[in-house]
Number of protein chains: 2
Amino acid sequence: MPVNLSPPNPAKLLPVAGLRLGVTEAGIRKPGRKDLTVLLLDEGASVGGVFTQNRFCAAPVQVCRQHLDQGQPVRALVINTGNANAGTGDDGLRHTRATCEALAALLKIAPAQVLPFSTGVIMEPLPAERIAAGLPAAIADARADHWARAAEGIMTTDTVPKAFSARATVGGAEITVTGIAKGAGMIRPNMATMLGFLATDARIDQAVMKQLALELAEGSFNRITIDGDTSTNDSFIVIATNRAANAPVTALDSADGQALKRALLDVARQLAQAIVRDGEGATKFITVRVEGGQSAEECRRVAYAIAHSPLVKTAFFASDPNLGRILAAVGYAGIDDLDQTQIELYLDDVHVATQGGRHSSYREEDGQRVMKQAEITVRVNLGRGSAADTVWTTDLSHEYVSINADYRS
Amino acid sequence: MPVNLSPPNPAKLLPVAGLRLGVTEAGIRKPGRKDLTVLLLDEGASVGGVFTQNRFCAAPVQVCRQHLDQGQPVRALVINTGNANAGTGDDGLRHTRATCEALAALLKIAPAQVLPFSTGVIMEPLPAERIAAGLPAAIADARADHWARAAEGIMTTDTVPKAFSARATVGGAEITVTGIAKGAGMIRPNMATMLGFLATDARIDQAVMKQLALELAEGSFNRITIDGDTSTNDSFIVIATNRAANAPVTALDSADGQALKRALLDVARQLAQAIVRDGEGATKFITVRVEGGQSAEECRRVAYAIAHSPLVKTAFFASDPNLGRILAAVGYAGIDDLDQTQIELYLDDVHVATQGGRHSSYREEDGQRVMKQAEITVRVNLGRGSAADTVWTTDLSHEYVSINADYRS
């Protein structure tokens, strides 16, 4: 049961000029399931991407990095579910390259102009022939208004497709942003999440695309966690089709660059939070805000310690204000010179702990009231500086265990 | 349901000359439960301890450190369950000191000769008066053969008391070692576990006791994890009553020191593994062995990444050989220059992956066979050196979620 998350309304998802999406059933793992998606780009698009820092990165991640580095204009993305093509050695690389070659042949482009993505079970051989056989149908299905269909096509254990749109004015022209993402478990992105695709018709110089992807990931997908497991396949791609009328954005720190980034970040963050809301077994959406740190990095470390603690997560599941568990997580987050007598803890508007101990005004029923909510903000002040950072996460429920004990069956 | 762990047979637990244990019901949190334990030492004992590295360490941990540093001979330990006295600020310190003073007055010793320990809920005021009121009964109960009773007295969510004994020959004389421990959740000791007490009648110089405690913890309690949550109260104490006939051990690297350490480590490791076997909701006992590293530290990091992964842990719970999840955890363990093509993975005797991909001889049914066992060894070879390390852990089951969603109720 996702937390305050509904399927996208296809009519409200904005097409991005110069980009079409097609989906088909290739029978990769299970019959009767949409499992193969292509994004087809007209000539002239700028593309940037960031990928998992997991050293066991999947074959498609390795090939994506190579193709982006080669600098040929990207013309197509191909995404399969049902198989991650990770932990598959040289065969995995061969299968991924074969997929790119098959799609390139159909589109009459070079294989290096194709970016491949896979998601699903790790360490099983990719059925590359089934993917190749499905490609013509996926291409034939491609339309500019198929964003919702593509959001569905890339799902694995997701229960709700994730897609959002926004409009903004950049460089004197209206631009459109639409993005899709998938992921519900093995979510602790480190550079990007398990497949996020964000597109805009804005004109953006190719030279800034990689940095743009990095900065967007830092403000969205790199701030969420469900189970602390960094996937082998995390990939986040930003596409600018360069069809809008804005003056081309050539620097991210310009006024236009900032306006553009705000619009893109708005959608990226909605996608990232949607992944948390649809987290495996999630019953709560938790915002962990850590303030008063010496650096954003140490705030982030504390926020992740809280967000990853199974004891904190089960307390949220139970709506039990067993909030000392949060203090314990703050204490083991790895700040060697942390002074526990400076710590303040809030649950939404409730001041729970002050100077490292329970606040005299704190009453169990106040904690209980907030813990029962579907959306909760944990706020910690470390009392040692002015830096801050925020992470979004879920609780840990019986359903998470059930889903992951059954995932392959 | 603990994994291959039975309650200790009181008749097989060896008394340690110069040490008596007493237990009572002080009504600290729930009525009708043994919750207050004292260990009374005759004059002349050597004592060393190590404590949690959690910066939110509990009041008793702070006082224990002070008392040990003051260097007065330790004569008594007092342990309450039902309340951790952590996240309790200055009041917590006052309550702990009051407990030490009350016991010191009854025993006619100095308060600094008492070491205090607490375990239970965090951030609730310690009922120091109830503890003081219970002390006379605990003292009256003290006997040298009450080890099993004390093991029961210090339990919280443990389902089985944990106590082991060993005999060894050191410095020409037979010595005795007996220890007790508690802990089942919030277990990822960093220096020591949530209350472990190890005693020997051997003659050991006080000067080496702290180092001895450190080294024993490193080989036992610092190698286990259940949920990755480092407790606020972890404390591990080693007591030598100096009653045996051995030549006093004055250096740990001497032949006698090594023999002594082996005997103590044998019991410490049994206690640490017993905590894992009785881990909250545990259905499996998992040994994670990482070899072929450049340093023991990096092996340990990889082992903990595997041992903490909720996805790996739920796969063990399900007996599902979804072993790609182990490779993913190896990949995000933080070794920046890890080469995935060098990784070998074994499950007991089954060679699962070679050179980063599935081994050609690997068959699902072989993985399935091992996964169904109650005790499983995961062995990873990183292929980059000759260092190794081992960590012990459990699976993640529905029962873990239930226990921690209900703990306070």
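Exactly one residue out of B:Cys57, B:Cys100 is in the same structural domain as B:Arg243 (by TED's automatic domain parsing), on the phi < 0 side of the Ramachandran plot, in contact with a strand residue (DSSP E or B) (Cβ under 8 Å, 6 or more places away or on another chain) and free of Cβ contacts under 8 Å to residues at least 40 places away in the same chain, and it is B:Cys100.
Residue selection: B:Val380 satisfies the criterion of being over 26 Å from A:Gly82 (Cβ atoms), of a type outside the set (S, T, N, Q) and in contact with a strand residue (DSSP E or B) (Cβ under 7 Å, 6 or more places away or on another chain). Taking region A:90-110 as the range and being more than 14 Å from chain B (Cβ to nearest Cβ), among the basic types (Lys, Arg) and either under 16 Å from A:Pro127 (Cβ atoms) or under 26 Å from the mean Cα position of the chain (by Cα) (or both) as the test, only A:Arg97 passes. Filter region A:129-154 for residues that are under 12 Å from A:Gly82 (Cα atoms) and touching a helix residue (DSSP H, G or I) at 6+ places or on another chain (Cβ under 8 Å) and give the result. Residue satisfying the conditions is A:Ile131 alone.
Selection within region B:189-209: residues that are crowded, with 22+ Cβ neighbours inside 10 Å and part of a loop (DSSP other than H, G, I, E, B). The member of this set that is modelled with the lowest pLDDT is B:Ala192. Screening A:Gln342 against (1) under 28 Å from the mean Cα position of the chain (by Cα); (2) more than 17 Å from A:Arg300 (Cβ to Cβ) leaves a single unmet condition, (1).
Answer yes or no as to whether A:Asp389 is over 25 Å from B:Gly120 (Cβ atoms) and facing chain B (nearest Cβ under 10 Å). The answer is no for A:Asp389.
Here the condition is being within 12 Å of chain A (Cβ to nearest Cβ), crowded, with 16+ Cβ neighbours inside 10 Å and in contact (Cβ under 8 Å) with a residue 40 or more places away in the chain; of B:Glu399, B:Glu364, it holds for B:Glu399 alone.
Screening B:Asp69 with (1) within 14 Å of another protein chain (Cβ to nearest Cβ); (2) without any contact (Cβ under 8 Å) to a residue 24 or more places away in the chain; (3) under 24 Å from the mean Cα position of the chain (by Cα) gives one miss only, at (1). When B:Arg300, B:Arg243 are checked against the criterion of being assigned by TED's automatic domain parsing to the domain that holds B:Ser397, in contact with an Asp or Glu (Cβ under 7 Å, 6 or more places away or on another chain) and of a type in the set (Lys, Arg), B:Arg300 stands alone in meeting it. In the set (1) farther than 30 Å from B:Ile175 by Cα; (2) over 22 Å from the mean Cα position of the chain (by Cα), B:Gly18 fails one condition alone, (1). The set of residues in region B:330-340 being within 7 Å of chain A (Cβ to nearest Cβ) and free of Cβ contacts under 8 Å to residues at least 40 places away in the same chain consists of B:Gly331, B:Tyr332, B:Gln340. If B:Ser309 satisfies all but one of (1) under 25 Å from B:Asp234 (Cα atoms); (2) away from every other protein chain (no Cβ under 14 Å); (3) in contact with an Asp or Glu (Cβ under 7 Å, 6 or more places away or on another chain), what's the number of the condition it fails? Condition (2) is where B:Ser309 drops out.
In the set B:Glu280, B:Glu297, only one residue is within 30 Å of B:Ala405 (Cα to Cα) and charged (D, E, K, R); that residue is B:Glu280. Just give me the residues in region B:75-89 being touching a Gly at 6+ places or on another chain (Cβ under 6 Å) and within 13 Å of chain A (Cβ to nearest Cβ), in sequence order. Hits for region B:75-89 are B:Asn83, B:Ala84, B:Asn85, B:Gly87, B:Thr88, B:Gly89. The residue that is farthest from A:Glu124 (Cα to Cα), counting only those in region B:318-328 that are facing chain A (nearest Cβ under 7 Å) and either surrounded by fewer than 21 Cβ atoms within 10 Å (Cβ to Cβ) or in contact with an Asp or Glu (Cβ under 9 Å, 6 or more places away or on another chain) (or both), is B:Ala318. Looking at B:Asp348, is it more than 10 Å from chain A (Cβ to nearest Cβ) and free of Cβ contacts under 8 Å to residues at least 40 places away in the same chain? Spelling it out, B:Asp348 is indeed more than 10 Å from chain A (Cβ to nearest Cβ) and free of Cβ contacts under 8 Å to residues at least 40 places away in the same chain.
To keep it simple, each residue is scored yes or no on (1) over 27 Å from the mean Cα position of the chain (by Cα); (2) part of a loop (DSSP other than H, G, I, E, B); (3) under 16 Å from A:Ala405 (Cα atoms); (4) not assigned by TED's automatic domain parsing to the domain that holds B:Glu291.
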residue	(1), (2), (3), (4)
B:Ser360	yes, yes, no, no
B:Gly367	yes, no, yes, no
B:Ile376	no, no, no, no
B:Val380	no, no, no, no
B:Arg384	yes, yes, no, no
B:Thr390	no, no, no, no
B:Tyr400	no, no, yes, no
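Scan region A:275-317 for residues that are surrounded by fewer than 23 Cβ atoms within 10 Å (Cβ to Cβ) and polar (S, T, N, Q) and the total you get is 4.
Considering the conditions (1) crowded, with 24+ Cβ neighbours inside 10 Å; (2) in contact (Cβ under 8 Å) with a residue 60 or more places away in the chain; (3) more than 21 Å from A:Thr230 (Cα to Cα); (4) in contact with a helix residue (DSSP H, G or I) (Cβ under 8 Å, 6 or more places away or on another chain), A:Leu107 is excluded by exactly one of them, (1). Given the conditions (1) closer than 28 Å to B:Glu152 by Cβ; (2) away from chain A (no Cβ under 14 Å), report the number of the one that B:Asn222 does not fulfil. In the conditions (1) closer than 28 Å to B:Glu152 by Cβ; (2) away from chain A (no Cβ under 14 Å), B:Asn222 misses (2) alone. The condition of being free of Cβ contacts under 8 Å to residues at least 12 places away in the same chain and of a type in the set (Asp, Glu) holds for only one of B:Asp90, B:Asp42, B:Asp35, that being B:Asp90.
When the residues of region A:70-104 are filtered to those that are more than 23 Å from A:Gln211 (Cβ to Cβ) and basic (Lys, Arg), the one that is surrounded by the fewest Cβ atoms within 10 Å (Cβ to Cβ) is A:Arg94. Out of all the residues in region B:341-354, is one or more in a helix (DSSP H, G or I), within 27 Å of B:Ala217 (Cα to Cα) and among the hydroxyl-bearing types (Ser, Thr, Tyr)? Looking for residues that are in a helix (DSSP H, G or I), within 27 Å of B:Ala217 (Cα to Cα) and among the hydroxyl-bearing types (Ser, Thr, Tyr), one finds none in region B:341-354, hence no. One residue stands out in region B:18-69 among those that are in a strand (DSSP E or B) and among the hydroxyl-bearing types (Ser, Thr, Tyr): the one that is surrounded by the fewest Cβ atoms within 10 Å (Cβ to Cβ), namely B:Thr24.
The values are calculated or read from the model by the stated rules, or taken from the named source; none is laboratory data. These numbers come from a predicted model, not from an experiment. Note that we place each Cβ from the backbone using ideal geometry, even for glycine, and neighbour counts take in every protein chain shown.
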